[in-house]
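The values are calculated or read from the model by the stated rules, or taken from the named source; none is laboratory data. Everything numeric in this text was worked out from a predicted model, so none of it was measured. Every residue, glycine among them, receives a Cβ derived from its backbone with ideal geometry; neighbour counts consider all protein chains shown.
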Amino acid sequence: MKVLNYIKNIFVGLWHLCQGMYVTMLNFCRPKVTLQYPENRGTREYGERFRALLTMPHDADNHHKCIACGMCMNSCPNGTITVVSKMETDTVTGKPKKVLDKHLYNLGSCIFCGLCTSACPTGAIRFSNEFEHSVFTKDRLLLQLNRPGSSLAPKPAPNTQTAKQDVGKPVENVATKTV
């Protein structure tokens, strides 16, 4: 009986091996549906909400929207963002004004939660779709988001048509108004 059971187990094992090989051969003969990563880097499109790399967009004149309020730094759960600001006097008004000096971002410790972008009152930072972050040293993961020499975006000039429309409107006297 032991010999018969032994031979039966050998044939059952061979049967299961043939079943596995059949599935393997089916998948081997099917056309490939996977994308070859290094060859097709530019062809892959990601969703609109894909979070890969934090960026600070600048316009053609090297202006950004950051007002150095520090809300992104305070909302970051693990201290990935550091906002370094300095006080300068405004040339127009002569009042002291906080200006962004450096906006530092540690990509190595970022958990891509998106709290910093949702906390930013001006929308100065956002995530891009660039996801390749492999580097040889950790120092390359420390990024400065604002470009050297960049400054706060100038405020748009007031619309002269709306200003002219507001001139002719009467102003209510709040003190004489009864409730």
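Residues checked against (1) under 30 Å from Arg126 (Cβ atoms); (2) under 45 Å from the mean Cα position of the chain (by Cα); (3) loosely packed, with under 10 Cβ neighbours inside 10 Å:
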residue	(1), (2), (3)
Gly13	no, no, no
Pro31	no, yes, yes
Gln36	yes, yes, yes
Asn40	yes, yes, yes
Arg44	yes, yes, no
Arg49	yes, yes, yes
Checklist entry - How many residues does segment 52-75 hold that are out of contact with any strand residue (DSSP E or B) (no Cβ under 6 Å at 6 or more places or on another chain) and part of a helix (DSSP H, G or I)? => result 3
Next on the checklist: Quick check on segment 92-112. Is at least one of its residues of a type in the set (Ser, Thr, Tyr) and either part of a loop (DSSP other than H, G, I, E, B) or surrounded by 17 or more Cβ atoms within 10 Å (Cβ to Cβ) (or both)?
Outcome noted: yes
Next on the checklist: Going by what's in this entry, would Leu143 be described as within 30 Å of Thr43 (Cβ to Cβ), at pLDDT 90 or above, in contact with a Leu (Cβ under 8 Å, 6 or more places away or on another chain) and not in a loop (DSSP other than H, G, I, E, B)?
Outcome noted: yes
Checklist entry - Under the condition of being part of a helix (DSSP H, G or I) and of a type in the set (Ser, Thr, Tyr), which residue from segment 1-37 is nearest to Glu130 (Cα to Cα)? => result Thr24
Checklist entry - Taking interchain pairs and intrachain pairs at least six residues apart, which have beta carbon atoms under 9 angstrom, with the first residue in segment 107-126 and touching a residue at least 60 places away in the same chain (Cβ under 8 Å) and the second outside any loop (DSSP other than H, G, I, E, B) and of a type in the set (Lys, Arg)? => result Thr117/Arg126
Item to check | Candidate set from segment 76-91 (those that are part of a strand (DSSP E or B) and not hydrophobic (A, V, I, L, M, F, W, C)); member that is nearest to the chain's Cα centre (by Cα) | outcome: Thr82
Checklist entry - Do the conditions hold for Gly70, that is, is it at pLDDT 90 or above, surrounded by 14 or more Cβ atoms within 10 Å (Cβ to Cβ) and on the phi > 0 side of the Ramachandran plot? => result yes
Checklist outcome for this item: Exactly one of Asn27, Asn5 is loosely packed, with under 10 Cβ neighbours inside 10 Å, over 25 Å from Gly108 (Cβ atoms) and modelled with pLDDT of 90 or more, and that one is Asn5
